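Student: The structure's right below; bear with me while I get my questions together.
Values in this text are rule-based calculations from the coordinates and carry no lab data. The shown structure was predicted, so the numbers you read here are calculated from the model rather than taken from an experiment. For neighbour counting, all protein chains shown are included, and Cβ atoms are generated from backbone atoms with ideal geometry for every residue, glycine included.
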Amino acid sequence: MDNSSFKKYLCSAFAFFICAMPAYSLELDMSVDEEIRKNYNPSKIELDALPPLPEIKNTAPSATVTTPPAISPSESNPVTTTTSAPPKTVPSTDYSKSTGRVKKDLPKTSAADDFSAIKVKKGTKFLVKSKAAVSDYSRAGAGLTFVSLEPVTKRYITIPAGTVFKGVVTESHRPQPTGNGGLIVIKADKIIYKGSSYSIDAKITKANGKKIFFNNIKGKRQYWKGVAAQIDKGENFYQKSRRASKKLADNPVGVIISPIPTVAGVVVYAVNLVGSPLFSIYYKGGHISLPAGTIYQIKLLEDLFIY
C-alpha cells in the first residue's frame, strides 16, 4: 500500500469517528408537537371555523309515490317513499326589475313617419285664383277658396291644375287715423288632392302680381299724402289772400287795407307748413279690396305629406 492510499483511509476513519461521537449527534425536539396535540384537535378545526350550511326549503308540492319493494318471504307490506315534483310553471320575472327599464308602447306613426307618404317640401309655390272677394271689411275667420292655375310637379307626385285650396282670414282692420291703410292677413290651411283633404301651413306671397311682405295685404299708407295735402291747403289760402290784396290795391280806398289779406295768407301758410306732420296723424289710409278672380301665390311654410 502506497503512502497516498494510507492517508485517504486515515482521513476517512478520522471523519467517521468524529461524526459518531455523542457531542455531534442530532436530537429532534418534539415538545412543540406535543403541546399542539394537547390544545388543538386537527380533525375539528375545519368544522369549527366554517359557518353552518343554510337549510334548503323545498316550496314545490311533494308527491307521494308508492313503489313495490323486492318481495321477500319475511316481508309482505309495500315501502312508501316521498319525492319532490318539479313546479308546473316557471315563475315569471318582472321585466322592469330584471333590466331596470320600463316597457313603453310605441307611439302611433304620423304622416311624416309613414314610409308610403310622399313629401312636398316647404317653399313650394302654387299659382291660384280666388273664388270669392275679400276686403278690409272681412272679419277674422272668414273662409276663402282658391283653385290652382298651373300643375306643380315634384318627385313622385304631380299636383294638377284645378286643385282646390282652402284659406281663412286670420286678421283684418279698416283704415286707421294714423295714416295706416286697411289690412288683410290670409292663411292657406288645406289642400284637397284626389278627394282627400290635407292640412297645410302656407301664406300668401303675391296678390295681383305684387309682392306681399309678412303676409300682410295692406291698403295704401297715406300719411305723407296727408302732409302734402295740409301744405297744399296753406298754399291755396295764401294764393287767395294775394288775389284779394290785389283787388283792394286797385281801389283808392282799399289800398290802405290791401296788405292785411296777404299777411293773413302768409300766417296760415306757415301754420300749415309747420304743423302738417301733426295734422296728418288724423288722416286715414286707403281701403283694400280684392275681388273674386284675383291671382294669388301660395307658399308652403312646412313640408306637406300626401299618402
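Student: Using Cα pairs closer than 8 Å and at least 6 residues apart in sequence, work out the relative contact order for the stretch 219-307, in percent.
Tutor: With pairs under 8 Å counted, the relative contact order is 43 percent.
Student: Kindly write out, for the stretch 158-175 in residue order, the coupling ³J(HN,Hα) from the Karplus curve 6.51 cos²θ - 1.76 cosθ + 1.60 (θ = phi - 60°), rounded to whole Hz, with x marking Gly and Pro.
Tutor: 10, 8, x, 5, x, 5, 8, 10, 10, x, 8, 7, 8, 7, 7, 7, 7, x
Student: May I ask you to sort 136, 303 by Cβ crowding, counting other Cβ atoms within 10 Å and putting the fewest first?
Tutor: 303, 136
Student: Here's another thing I want to ask about it. List every residue whose amide H lies under 5 Å from the amide H of residue 136, counting only residues 5 or more places away in sequence or on a different chain, with H placed 1.01 Å from N in the peptide plane.
Tutor: 288
Student: Using all C-alpha to C-alpha distances in the stretch 223-282, build P(r) with 5 Å bins and read off the rounded percent in each one.
Tutor: Once binned at 5 Å, the Cα pair distances of the stretch 223-282 give 4, 23, 22, 16, 13, 9, 7, 4, 2, 0.
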